[in-house]
Amino acid sequence: MDEIARKRHHESFVAGIIKENPLFVAILGTCPALAVTTTLEAAIGMGVLFTFVLLGSNVLISALRKLIPEEVETPAYIVIVATFVTIVKMLCEAYIPNLYSTLGVFLALLVVNCIVLGRAEAFANKNSVYDSFLDGIGNGIGYTLALIVIALIREVLGTGMLTFGDIFTFLKINGESVHLYLLKGPTWDYSIYLFGTPAGAFFVFGVIMAVLAYRANKKKDREATERRARAFAAAEAAKKAASPSTAPLAPKGGND
Amino acid sequence: MYAYFVSFLLSIVTYLLIDNVVLTRFYGICSFVGVGNKVKSAFSMGLAVVFVIVFATLICFPIYYYVLVPAGLPFMDTVVYILVIACLVQVVGFFIKKYSPALYKSLGIYLPLITTNCAVLGVVTENSNSGFDFGISMANALGTSIGYLLMIVIFACIRMRLDSYSAPRAMKGVPLALITAGLMAMALMGLTGLGV
């Protein structure tokens, strides 16, 4: 494997995680991000199932990219994605029925998730199978992390605790779900019900986007200042170079 | 008959306001935030969604109960629905173009986008998952789609007004739109309990 190919593989894997995060940077796939993030477990489940669908569709579309005529691209992609969604839906119903009932319609709605179709159109139909595979994993991880961030905030603020075992039953201890009390105790309860409601979902997502925009703006400002400083220094140097005889001598004489 | 009619009307109200498609069930957020602050295009988009959701329900209901269930293939619903919706969007486009070129012009680019609008697939899937009969399915379709039209137009009006006020730089655009949507959702929460 030569250096350029390795760099490209690395790039297709890493890009989707932070730099081009599908939810927070590209603002795609917002419907499930707001709907299934009431609990951390549901968000993780959604992220994992999403990653499977994206991986499958990316690899298959990339493998078939020379066979699918350009005119019927989108319908062909939709059918491929729908097939993987059906597979994932049936597996989920059979093995994790609690997750299936929690996600409900949103599992079927993965078919029209903009990220899956977006990656197919923007990446998988132009790149090799291995790169598309890495791109699928990278974007899947990025989306899952984004869902986890929203769900953590919403579950902790909304219920005052984290619950494990309601959906992934293997996490149960002695047949009971595990509760991790954070904002709640035997006599006190600082949880805010609003964050568990749909309105709370919009607020949390909006504030996260605002924080990210604030950081991006700050970085942009800093870069602009640096660029201006560099341009100024270059102009000064050019001025000095244009009149070398007068500039360096003048201040020396004044000091004595 | 009378009782059924009342439950039909109540279902429409439920899906229109209490269980609102965008603000409570989160279908179609992408288009909701994406259409932005143009009231006219928001109205066109909403109208196109009403067309497609009502027709998709009309077609998918018999397909599910008279083709997929007797054939023992109810698990194929997602694949069939998305194909029906994609074809339907094309056909609706042709019809509107033939009979009302003015409407076609105003719907314009929004028609093809409806295929990937979660609201359409969401309503159709919900109808078959919850085992609604034909009347309640249609009530769900009407209530949801009109609720979508209503919210997207109100939202565009609010955003048009917001644009002329100065907001902190980081809040401009999508963050402010999301907070606005959150406030609208809080207003709708006041109607909880009214439903059936």
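The values are calculated or read from the model by the stated rules, or taken from the named source; none is laboratory data. Predicted model only: the values in this text are computed from it and were never measured. As a convention, Cβ positions derive from the backbone with ideal geometry for all residues, glycine included, and neighbour counts pool all protein chains shown.
Selection of the range B:144-196 for residues being touching a residue at least 40 places away in the same chain (Cβ under 8 Å), over 17 Å from B:Ser41 (Cβ atoms) and of a type in the set (D, E, K, R) yields an empty set.
Residues that are closer than 20 Å to A:Val79 by Cβ and of a type outside the set (A, V, I, L, M, F, W, C) within the range A:89-125 comprise A:Lys89, A:Asn113, A:Gly118, A:Arg119, A:Glu121, A:Asn125, listed in sequence order. The residues of the range A:20-75 that are touching a helix residue (DSSP H, G or I) at 6+ places or on another chain (Cβ under 9 Å), over 23 Å from A:Ala146 (Cα atoms) and within 14 Å of another protein chain (Cβ to nearest Cβ), listed by number, are A:Glu73, A:Thr74, A:Pro75. Looking at the range B:57-70, can you tell me whether even one residue there is within 12 Å of the chain's Cα centre (by Cα) and buried (at least 22 other Cβ atoms within 10 Å of the Cβ)? Within the range B:57-70, one or more residues are within 12 Å of the chain's Cα centre (by Cα) and buried (at least 22 other Cβ atoms within 10 Å of the Cβ).
Looking at A:Lys19, is it modelled with pLDDT under 90, outside the structural domain of A:Gly206 (by TED's automatic domain parsing) and basic (Lys, Arg)? Spelling it out, A:Lys19 is indeed modelled with pLDDT under 90, outside the structural domain of A:Gly206 (by TED's automatic domain parsing) and basic (Lys, Arg).
Report those helices (runs of 4 or more DSSP H) wholly inside the range B:90-196 carrying at least 1 residues which are small (Gly, Ala, Ser) and either within 13 Å of chain A (Cβ to nearest Cβ) or within 21 Å of A:Pro32 (Cα to Cα) (or both).
So the answer is B:118-129, B:134-162, B:174-189.
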